[in-house]
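I have placed the structure first, in the form of structure tokens, so that the comments after it can refer back to it.
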Amino acid sequence: MLNSQWLESFVVLCETGHFTKAASLLNMTQPGVSQHLRKLETQVGQSLISRQGKGFSLTSAGEAVLAVGQARRAQEQALQETISQDDPAVGEVAMACSGSFATLLYPEMLSAMQTSPSLSIRLEAVPQDKVLAGVLEGRFDLGVADHDPQHPRLQAEHLGQEELCLVIPERASVSPISFQRLEELGFIAHPDGFAYADDLFAMNFPDEFRGSDRLRIRSFVNQISQIPAPVARGIGYTLLPRSGVDSYPDNDRLRIAPLSKQLRHDLWMISRRGRVLPARVSRIAALIQAVSDRLEKK
């Protein structure tokens, strides 16, 4: 590696074409500039200038070293500009969350990108374990999880809670709905639905519910945006977080059945501990908090 101080002295010398002027710009003495030149020539192993009276010209080695010095200066200037510029409307943000929360969050992110053409957002809907692993590995700036991971390298901020909803067709009777009526409708199952059923039905139908593996399955869907579709058409019921219901375009054809015992899941925003978040990431974190606040108010 070329000594950066000697290299900068050489670049200024070449740009001014005069030792005295270079020394003045560098706040050095003329012998100091000459010493930097000699040390750089020793490091390179070749003469960099050819003296001509009071002036000089560059050797071929000098021209090559000058090009390196100018390129390094440009790179350092670009680096300083990048470091000093912390614009919430510029750069990339990567985050991960559940599929249901993603469907509610993504329209808000699209709005942010519409108003900020230089902002790029990458949102991935992944299982909980991959949310945490991705933040730990640095692939995601932020993650939304359903629990505090209590990991020494992760920081967790409690966002609020999200209701787990029993979703039935809009015209179905709800006063009150019985477990027998749900079995008649049939369960629109999905990957997370069985765990939801074990949690929610055990609380509300303790005498009739015998486990999610014994539910009458009417259909199975693994595409989060399509899970409410059969219910909206009067086919079966399902269990979804509130975000999955609110984000469905035809949610006026759905009804959330009241239950005597409600279940709410925590929402936590996860980031790497000790990292000072850039302005663009803080902006998205505030957006996530706003979406979570809207959920909790319902």
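Descriptive notes on the structure:
- Apart from one condition, Glu124 fits all of (1) surrounded by 13 or more Cβ atoms within 10 Å (Cβ to Cβ); (2) touching a residue at least 40 places away in the same chain (Cβ under 8 Å); (3) under 12 Å from the mean Cα position of the chain (by Cα); the exception is (2).
- Considering residues of the range 80-89 that are modelled with pLDDT under 90 and not in a helix (DSSP H, G or I) only, the residue surrounded by the fewest Cβ atoms within 10 Å (Cβ to Cβ): Gln85
- Scanning the range 235-293 for residues that are in contact with a strand residue (DSSP E or B) (Cβ under 8 Å, 6 or more places away or on another chain), among the hydrophobic types (A, V, I, L, M, F, W, C) and under 27 Å from Ser118 (Cα atoms) gives Met269, Ile270, Leu277, Val281, Ile284, Ala285, Ile288.
- Test for Ala61: is it among the hydrophobic types (A, V, I, L, M, F, W, C), under 30 Å from Arg280 (Cβ atoms), out of contact with any strand residue (DSSP E or B) (no Cβ under 6 Å at 6 or more places or on another chain) and outside the structural domain of Ser118 (by TED's automatic domain parsing): no
- Only one of Ser178, Ser111 that is hydroxyl-bearing (Ser, Thr, Tyr), loosely packed, with under 13 Cβ neighbours inside 10 Å and over 23 Å from Val281 (Cβ atoms): Ser178
- Residue match in the range 108-124 (condition: assigned by TED's automatic domain parsing to the domain that holds Phe19 and either over 30 Å from Gly45 (Cα atoms) or touching a strand residue (DSSP E or B) at 6+ places or on another chain (Cβ under 6 Å) (or both)): no
- The range 175-193: number of residues that are in contact with a strand residue (DSSP E or B) (Cβ under 7 Å, 6 or more places away or on another chain) and basic (Lys, Arg): 0
- Residue check: Ala94 meets all listed conditions (1) surrounded by 14 or more Cβ atoms within 10 Å (Cβ to Cβ); (2) under 15 Å from Val291 (Cα atoms) but one, namely (2).
- Any chance Thr82 is among the hydroxyl-bearing types (Ser, Thr, Tyr) and under 26 Å from Glu137 (Cα atoms): yes
- Residue within the range 21-30 that is surrounded by 14 or more Cβ atoms within 10 Å (Cβ to Cβ) and in contact (Cβ under 8 Å) with a residue 24 or more places away in the chain present: no
- The C-beta contact set for the range 61-75 (first residue surrounded by 14 or more Cβ atoms within 10 Å (Cβ to Cβ), second residue acidic (Asp, Glu) and assigned to a helix (DSSP H, G or I), distance under 8 angstrom, 6+ apart or interchain) comprises Gly69/Glu8; Arg73/Glu8.
The values are calculated or read from the model by the stated rules, or taken from the named source; none is laboratory data. Keep in mind that this is a model prediction, so the values were computed, not measured. All Cβ positions, glycine included, derive from the backbone under ideal geometry; neighbour counts span all protein chains shown.
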